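Input: a single structure, listed below in structure tokens.
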Amino acid sequence: MEGHWLTIPEYSSYRDKSVSTIRRYIKSERVKYKLEEGKYYIFVSDENYQNKQQSLEKEEMELRFRLVELESRIRQLEEENNDLKMLVQIYENDKRNTPPLPELPNEI
């Protein structure tokens, strides 16, 4: 079976598990591993590795799409905010430039 040998930190990231959990997997022999020059390597089959890579690529594409959507929404909200600021400014200027209303005569 062909595959990849990953270091503990790489495998930890690959499986989204803590390094201490991976060390427990090695100790309990839950994973296929080898020890070279004092460093542990964990085996991952090509099929599993490729599936994970494809899954990560798909997730990355979905996140990029979501980012584009959110950036577009931010631009839209900024435009709406600018429009509202302009309306407030117009309203406040009109309010300052409007002469006061004349007083109504007193009726007795």
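Just so it is clear, none of the values below were taken in a lab; they were calculated from the coordinates. All of these numbers come straight from a predicted model, not from anything done at the bench. Here Cβ is always computed from backbone atoms with ideal geometry, including for glycine, and neighbour counts include all displayed protein chains.
Given the options Ile74, Ile42, Ile90, name the one that is touching a residue at least 12 places away in the same chain (Cβ under 8 Å) and out of contact with any Pro (no Cβ under 8 Å at 6 or more places or on another chain). Explain how you work it out, then say what you get.
On the way: Ile74 fails: touching a residue at least 12 places away in the same chain (Cβ under 8 Å); Ile90 fails: touching a residue at least 12 places away in the same chain (Cβ under 8 Å).
Of Ile74, Ile42, Ile90, the one residue that is touching a residue at least 12 places away in the same chain (Cβ under 8 Å) and out of contact with any Pro (no Cβ under 8 Å at 6 or more places or on another chain) is Ile42.
Tell me, yes or no, whether the range 29-39 has at least one residue that is surrounded by fewer than 10 Cβ atoms within 10 Å (Cβ to Cβ) and more than 18 Å from Trp5 (Cα to Cα). Before the answer, list the steps.
Restricting attention to the range 29-39, the residues satisfying the condition of being surrounded by fewer than 10 Cβ atoms within 10 Å (Cβ to Cβ) are 29, 35-39.
Now drop any that are not more than 18 Å from Trp5 (Cα to Cα), which leaves none.
Checked against the condition, which is being surrounded by fewer than 10 Cβ atoms within 10 Å (Cβ to Cβ) and more than 18 Å from Trp5 (Cα to Cα), the range 29-39 yields no hits at all.
Annotation: Glu47 fulfils all but one of (1) under 24 Å from the mean Cα position of the chain (by Cα); (2) acidic (Asp, Glu); (3) surrounded by 10 or more Cβ atoms within 10 Å (Cβ to Cβ); the unmet one is (1).
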